[in-house]
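**Q** The structure's right below; bear with me while I get my questions together.
Just so it is clear, none of the values below were taken in a lab; they were calculated from the coordinates. Just so you know, these numbers come straight off a predicted model, no measurement behind them. So basically every Cβ, Gly included, is an ideal-geometry build from the backbone, and we count neighbours across all protein chains shown.
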Amino acid sequence: MKCTSPRALALFTLLAVGSVGARAADNTTTVPPAFSAHGKSISVYSTTKDTDKRLALTDKLNFGPGHQPAETEVSVFVTPSQRFQTLLGIGGAITDASAEVFAKLPKAKQQEFLTAYYDADKGIGYNWARTTIHSSDFSSASYTYIKEGDKALKTFTVKHDREFRIPLIKKAIATSGGKLQLFASPWSPPAFMKSNKSMLQGGFLLPEFYESWATYITKFVQAYEKAGIPVWGITIQNEPMAKQKWESVIYSADEERDFLKNYLGPIMHKQGLANKAIVVWDHNRDLITQRADTILNDPEAAKYVWGVGYHWYETWAGGDPMYKNVAYVHAAYPDKPVLLTEAAIEKFTQERYQYWPNGERYGSAMINDFNSGAVAWTDWNILLDERGGPNHVGNFCFAPIHGDLQKGELIYTPPYFYIGHFSKFIHRNAQRVATNTSRSTLLATSFLNADNKMATVVMNQTDKDITYNLFVGEDQSVVKIPAHSIQTLVY
C-alpha cells in the first residue's frame, strides 16, 4: 500500500524495510533468518590498485567480543537486525554491439567471456540483463522490426536479432544455469511514428501512433519468448528527456503517464502479459522525483507500474550523483522498487583501459545506490571492441570487458572487478543490512544472503592504507584495507 504522506516519509528513508519485487514473474523472495557473527570466520576478498590482487582471497580473520571503539579509530558497523530491500539482480546489457563483438572472438575467448560474467563459481555470477527493443546507438546501424509505415505491424519480425543478439542471450542464460533475468528498453519508435520523422534527434511520439507503438513493444516481448528467451519486464523508454544524436524520443512526465495508463498497460494486460514488470523513467537521478510523483500519484497509471528505473549520468546535475533523490522515491513509494538501469564510462580511449578511478566510480555508485534502496544494478554494454564500439554515431564508451578483435584477446578493466565484488558474493534474494562507517574515508554496504552468509563490501578511495574495526552486532574483528582497494568480507 502506498504511503499517504510521501514527502514526510522521504525524511525517513531507512524505514522502508522489507521484501520487494514479488509482483513480477519468477521473482519470489526468501527472507534470511536472524544472523549472529559470534564464532564465525571471515574470508576477505580484495582488489587493489598497483598489485596483482583481483577478487583475490587475501585474508582469513575471526570475530571476537566487541569493545567500545575510541573516537580516533575507524569502524564499520553492521546491524543484522535492521533489514531493508531484497536484491533482484546485478548484471549488464546485451546489446547489438556486444553480440557483434562476441561473434568475432575466437571460440576459446567466447567461452572465457561467458564464464567470466555468468559462471557463479569461476566468474562474477551475473544473473540480470538488459537488452534493447530494436536498435540503439550501440548497433551498427538504425533498424526496426517492421517496414517503414506499417502502422498495423503486419511485417513485425525480430529476424534481425537472430543473427547475433538472440544467440548470445541464450548462451548467457545457459552459462548462468538458467538464472539470468532479462528486461528490455526501446530507444525510439520507428521514424514514421514520430514528430521529426527520424529515429534520431529526439522528437516525440505522435498521439495517433500510441496504440501501434504500445502493441509493437508487446509484440517484442511475445517474439522473444517465442524464441525461447523469457522476458522479466520492460522499461517504457530509455532516457525520455534526452534529445540525442542517436535513437531517442521525448516524453514529458504527463505523456509517459498517459501512454502507460491508456495504452501500454491495458494492451500488455489484454495480451496476457500482466505478469511482466513495467518500469518507468529509465533516466538520470536528477528528475526521478518529479517523474515518480507524476506517474505514481495517479492511481490508474500506478497500478501498471512495477518500479522506477534510473541512470547514473550526472552531466545536468553539476556532477552531484543525487543519491538523495533515489532515497526519496524509495521512501515515498516503498511498494515501487527503484533500480539502476544503466551506467557506463564515456569518452573511450585505449590509454584508459586500466584507469583505476573508473573502477572506483562503479564501487562508489553501487554502494550508494544500494544504500539508497536500489533492488538491482545494471551496467551498460557487457562487451565492446578496441574502439569502444561498434556505435553507428561514434558514441564510443568503455565496457568492463573489451575484445581486441585485431589480437583476438579479452581486456579486463577495473570496473569488471569492482562490479564483481558485489555480483559474485551478493545473490538474488539477499537482504540489505544496516551498515554505517565512522569516517567518510570508507564506504560500505552489507547484504545477508538466503544461505545466512553475510557479504560486507568496503571501499577505500584514499591514498593511505586504513585499519578499521568491523563490528557485527556485539562481535568485532580488525581488518586492514590497502589504499585504493575494494574488499568483500564474507562471514
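**Q** So which of Lys53/Lys170; Lys154/Lys219; Lys303/Lys336; Lys159/Lys197 end up more than 20 Å apart by C-alpha?
**A** Result: Lys53/Lys170; Lys159/Lys197 exceed 20 Å.
**Q** For segment 351-491, rounded, prolate or oblate, judged on the Cα gyration tensor with a ≥ b ≥ c (square roots of eigenvalues), a/c < 1.5 rounded, else prolate if a/b > b/c?
**A** Prolate shape, in that a/c is at least 1.5 and a/b is the bigger ratio.
**Q** What net charge is computed for the residues neighbouring Pro65, neighbours being all others with C-beta under 14 Å from the C-beta of Pro65, Lys and Arg scored +1, Asp and Glu -1?
**A** Value of the local net charge: -1.
**Q** Mind checking which of Ala274, His421, Met322 is farthest towards the positive end of segment 89-425's charge dipole, using Cβ charges of +1 (Lys, Arg) and -1 (Asp, Glu) about the Cα centre?
**A** Going by the Cα projections, it comes out as Ala274.
**Q** Towards the positive end of the charge dipole of the chain, with charges on Cβ (+1 Lys, Arg; -1 Asp, Glu), say which of Ser212, Val433, Leu57 has the farthest Cα.
**A** Result: Ser212.
**Q** Given the chain, what percent of its DSSP beta bridges are antiparallel, to the nearest 5?
**A** Just about 55 percent of them are antiparallel.
**Q** Given labels modelled 7 Å from the Cα in the Cβ direction, how far is it in nm from Glu208 to Ser440?
**A** Here the answer is 5.6 nm between the modelled labels.
**Q** Something else now. Ordered by packing density, taken as the mean number of other Cβ atoms within 10 Å over each peptide's residues, highest first, how do 190-201, 90-101, 285-296 rank?
**A** The densest-packed peptide leads the list: 90-101, 285-296, 190-201.
**Q** How big is the dipole moment of segment 154-218 about its Cα centre under a simple scheme where the beta carbon of each Lys and Arg is +1, that of each Asp and Glu is -1, and everything else is neutral? Debye, nearest 20, please.
**A** Dipole about the Cα centre, nearest 20: 300 debye.
**Q** Same structure again: So what's the net charge close to Ala365: Lys and Arg +1, Asp and Glu -1, counting the other residues with Cβ under 13 Å from its Cβ?
**A** -4
**Q** Over segment 175-327, how many percent of alpha carbon pairs lie in each 10 Å bin up to the one with the longest distance?
**A** 11, 39, 36, 13, 1
**Q** For Asn284, what charge total do you get from the other residues with a beta carbon under 9 Å from its beta carbon, if Lys and Arg give +1 and Asp and Glu give -1?
**A** Overall, the nearby charge balance is -2.
**Q** Right, here's the next one. Would you work out the charge dipole size for segment 177-320 about its Cα centre, treating the Cβ of every Lys and Arg as +1 and the Cβ of every Asp and Glu as -1, and quote it to the nearest 20 debye?
**A** The calculation lands at about 540 debye.
**Q** With a Förster radius of 35 Å, plug the Cβ-Cβ distance of Ala152 and Arg54 into 1/(1 + (r/R0)^6) and report the FRET value to the nearest 0.05.
**A** 0.10
**Q** Can you give the charge dipole size of the chain about its Cα centre, rounded to the nearest 20 debye, using +1 on the beta carbon of Lys and Arg and -1 on the beta carbon of Asp and Glu?
**A** Result for the chain is approximately 940 debye, rounded to the nearest 20.
**Q** Follow-up question, since we're still on this one. For Lys109 and Glu351 in the same chain, what is the full-extension length gain: residue separation times 0.36 nm, less their Cα-Cα distance, in nm?
**A** Result: 84.9 nm gained on full extension.
**Q** Taking only the alpha-carbon atoms of segment 336-378, what semi-axes of the equivalent ellipsoid follow from 5 times the gyration tensor eigenvalues under a square root, in whole Å, largest first?
**A** One finds semi-axes of 25, 11, 5 Å for segment 336-378.
**Q** Follow-up. Hey, with R₀ at 22 Å, roughly what FRET efficiency would Val393 and Glu314 work out to, going by the Cβ-Cβ distance, to 0.05?
**A** Computed FRET efficiency for Val393 and Glu314: 0.50.
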